[in-house]
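Visitor: Quick one: structure below, then a few questions.
The values are calculated or read from the model by the stated rules, or taken from the named source; none is laboratory data. None of the values given here were measured: they were computed from a predicted structure. Note: ideal-geometry Cβ built from the backbone for every residue, glycine included; neighbour counts use all protein chains shown. SASA here: full protein model, heavy atoms, side chains in, ligands and nucleic acids out. Shrake-Rupley method; radii C 1.70, N 1.55, O 1.52, S 1.80 Å.
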Amino acid sequence: GTPQKYDPTFKGPIYDRGCTDIVCCVLLVLAIVGYVVVGVVAWTHGDPRKVIYPTDSRGQFCGQQGTPNEGKPKDFPASRHLHVFSSPIQICVSKCPDRYLTYLSAYGSRGPAELEYYRQFCVPEFKNLQKPPIQVLKDKECPAMIIPSTPLARRCFPAIQAKKGVIMVGNETTYDDGHGRRRNVTELLEGAKKANVVLETRQLAMKIFEDYTVSWYWIIIGLVIAMVASFIFIVLLRFLAGIMVWVMIVMVILVLGYGIFHCYMEYAKLKGEAGSDVSLADLGFQTDLRVYLHLRQTWLAFMIILCIMEVVIILLLIFLRKRILIAIALIKEASRAVGHIMTSLLFPLCTFFLLCLCIAYWASTAVFLSTSNEAIYKVFNETACQFSGQTCKPETFNTSNVTKLCPDAQCLFAFYGGETAYHKYLIVLQFFNVFMFFWLANFVIALGQVTLAGAFASYYWAFKKPDDMPAFPLFSAFGRALRYHTGSLAFGSLILAIVQVIRVTLEYLDHRLKAADNKFAKFLLSCLKCCFWCLEKFIKFLNRNAYIMIAVYGTNFCTSARNAFFLLMRNIIRVAVLDKVTDFLFFLGKLLIVGSVGILAFFFFTHRIKLVQDTAPSLNYYWVPILTVIVGSYLIAHGFFSVYGMCVDTLFLCFLEDLERNDGSAEKPYFMSPNLKKLLKKTNKGQPEA
């Protein structure tokens, strides 16, 4: 590309600019209107109760007020595919059965009390307890038998357990299938495995939920500490950037060193204890993760990982020590810019709020679309019938020819579906919903980036800082972005959204092809996933720098992307070293904040701080609040440092533009601050000194 030439009229972000990429702006508006229409249609036809509440064989929700199933929130049986009963009838009950019982035994030998208990698992219309059992079973008014069941997700699952290697239902090893035949319960083995996994997962989820209920306020305190630490760290960088960077580096090394020491002490303490030498492979997966902390191999693995991280960081510091000094000058200048535009630290909250709106709209629309199918009823019959499996309507079924030809046939609820044009194109609407989510989310992120870039560019190109800066640089940049460059932001975010949708599609295909044996297809899919991952990273990098050029010059997206790319290519060494070293220092800052808050949370929730030992709550898994605090601290630190990162990238591009436009003479003075002039001398790339 051609370097920028000296322009005496250029004083920073151009205010006299026009609208760019109008076609993309119109496309975005039309897409949003269509997205709203899809949402309205989905909300009109959808019913989230289909996901939350189970239904009986008539398609009526269990436990809903104003329905015959009021006060009966559980579905019994949980699935027709268990083949436990002789009929496909599903009913709503107030509680799951707690005993093994057949209707024949309840009617005959166990007395009226057992029959009365059994009646609650029959259809609501069943009232005549004196009706012959054969006729009751023939009319499918009651199930042939009931077994002990456990409630889960408003459904009754068989309470399957193992005793001495034998799969049992309750205390029975066999069951009556309703036709006088005894069958071994091992026929339920496949269903039992799945049910046990679900039950164990539920128990784990319940314990985690209990931990959150007793520790949520301490988690909030930990996140507030992370927020205060991030803010203090940024404020200190403004005045003591050099000292803070080196202190940060030393602190990270010390934190990792303490982690290595702690892992070694735990490893040595477990020496000789019974069961501590069991390998992780022999132990397998355990839902109680505390079990792994009693193994020496676990602490040895932690220690090796921390040692590798320690060595890598030390080697990087040795070879990049001169470049770190250059990065410090950029950070100092960025700290001054942020100091003059303090509202920029709060702007990520606006981006976060808009992203939450996008996520909420996408999730709600997806739920309503997935629940907008209609109830489909099928003909069920035990004996051979030509109408079995055909679609039917309960309102007209009793007067149809089906009941005449197949007297035992029933019209029962089968699943949710539909045959209208709307139902046929539901998958297309779901795809459009996903695509619009990516487009709008990327647009919101792009809006935040171009706003911050415009504000920080106005700082750099102010000849007398901060006197020549506009009164409200952040709001001015935000207004310019929305007024003139909505189309350009839509263009950049559209390209990125298309690549991301392709990546999601590839991930879906990879998931579906896991069981396939076609190695060539798997290899090709892996190559495509890798290529599109690299493409997404490149587009994000290019978009970020294009938005900076848009904020400064007001050009369209393609022109801005081309100019930014050529400018970076003309200074590829500076880009590769300065930008990445700065990113590395920001990563160390996040690591220090997250590590410090994480260690504090670890000592607190494990009752190792004597001053507050009695204050810490008792937990099932102390890693639950610790991980929550660590993840939350990282997100908070990332929000603060993202502003700094955008500031450094903007100042760096402006710095390169300044070098090409001006030479530091009285006729062509630099706009950079004295700190960046020192940075120019240290780079020593043949540029004239000032």
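Visitor: Hey, can you tell me all the residues within region 218-240 that are open to solvent by 50 Å² or more (accessible area, probe 1.4 Å) and closer than 18 Å to ILE328 by Cα?
Guide: Passing the criteria: ILE232, VAL235, LEU236, ARG238, PHE239, LEU240.
Visitor: Next question, about the same structure. (1) open to solvent by 20 Å² or more (accessible area, probe 1.4 Å); (2) at pLDDT 75 or above; (3) in contact with a helix residue (DSSP H, G or I) (Cβ under 9 Å, 6 or more places away or on another chain): which one isn't true of ARG154, the others all being true?
Guide: ARG154 satisfies every listed condition except (2).
Visitor: Name every residue in region 241-254 that is out of contact with any Leu (no Cβ under 7 Å at 6 or more places or on another chain) and surrounded by 19 or more Cβ atoms within 10 Å (Cβ to Cβ), in order of residue number. Show your work before the answer.
Guide: The first filter runs over region 241-254 and keeps only residues out of contact with any Leu (no Cβ under 7 Å at 6 or more places or on another chain), leaving 241-243, 246-247, 250, 253-254.
The answer is ALA241, and nothing else.
Visitor: Another question, then. Test of understanding: among ILE305, ILE314, ILE318, ILE326, which residue is exposed (fewer than 15 other Cβ atoms within 10 Å of the Cβ), in contact (Cβ under 8 Å) with a residue 24 or more places away in the chain, within 25 Å of VAL247 (Cβ to Cβ) and in the same structural domain as ALA268 (by the TED database)?
Guide: Values: ILE305 fails: in contact (Cβ under 8 Å) with a residue 24 or more places away in the chain; ILE318 fails: in contact (Cβ under 8 Å) with a residue 24 or more places away in the chain; ILE326 fails: exposed (fewer than 15 other Cβ atoms within 10 Å of the Cβ).
Step by step, each of ILE305, ILE314, ILE318, ILE326 is checked, and only ILE314 is exposed (fewer than 15 other Cβ atoms within 10 Å of the Cβ), in contact (Cβ under 8 Å) with a residue 24 or more places away in the chain, within 25 Å of VAL247 (Cβ to Cβ) and in the same structural domain as ALA268 (by the TED database).
Visitor: Looking at (1) within 25 Å of ILE548 (Cα to Cα); (2) in contact with a Phe, Trp or Tyr (Cβ under 9 Å, 6 or more places away or on another chain), which one does ILE636 not meet, given that it meets all the others?
Guide: (2)
Visitor: Please find, among ILE550, ILE539, the residue that is within 16 Å of ALA481 (Cβ to Cβ) and modelled with pLDDT of 90 or more.
Guide: The match here is ILE550.
Visitor: Inside region 559-596, can you point out the residues that are of a type outside the set (A, V, I, L, M, F, W, C), more than 30 Å from LEU627 (Cα to Cα) and touching a residue at least 60 places away in the same chain (Cβ under 8 Å)? Spell out how you get there, then give the answer.
Guide: Let us first name the residues in region 559-596 that are of a type outside the set (A, V, I, L, M, F, W, C), namely 559-560, 562-563, 570-571, 574, 579-580, 582-583, 589-590, 595-596.
Subset that is more than 30 Å from LEU627 (Cα to Cα): 559-560, 562-563, 570-571, 574, 579.
The answer is SER560, ARG562, ASN563, ARG570, ASN571, ARG574, ASP579.
Table: residues versus (1) surrounded by 15 or more Cβ atoms within 10 Å (Cβ to Cβ); (2) modelled with pLDDT of 85 or more; (3) touching a Pro at 6+ places or on another chain (Cβ under 7 Å); (4) not assigned by the TED database to the domain that holds VAL123.
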site: THR383; (1), (2), (3), (4): no, no, no, yes
site: PHE387; (1), (2), (3), (4): yes, no, no, yes
site: LYS393; (1), (2), (3), (4): no, no, no, yes
site: ASN401; (1), (2), (3), (4): no, no, no, yes
site: ASP408; (1), (2), (3), (4): no, no, no, yes
site: PHE413; (1), (2), (3), (4): yes, no, no, yes
site: LEU429; (1), (2), (3), (4): yes, yes, no, yes
site: PHE435; (1), (2), (3), (4): yes, yes, no, yes
site: VAL444; (1), (2), (3), (4): yes, yes, no, yes
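Visitor: Name the one entry in GLY589, GLY595 that is at pLDDT below 85 and under 26 Å from the mean Cα position of the chain (by Cα).
Guide: Just a single option satisfies the conditions, and that option is GLY589.
Visitor: How many residues are modelled with pLDDT under 80 and either more than 26 Å from LEU653 (Cα to Cα) or basic (Lys, Arg) (or both) when one looks only at region 3-45?
Guide: 2
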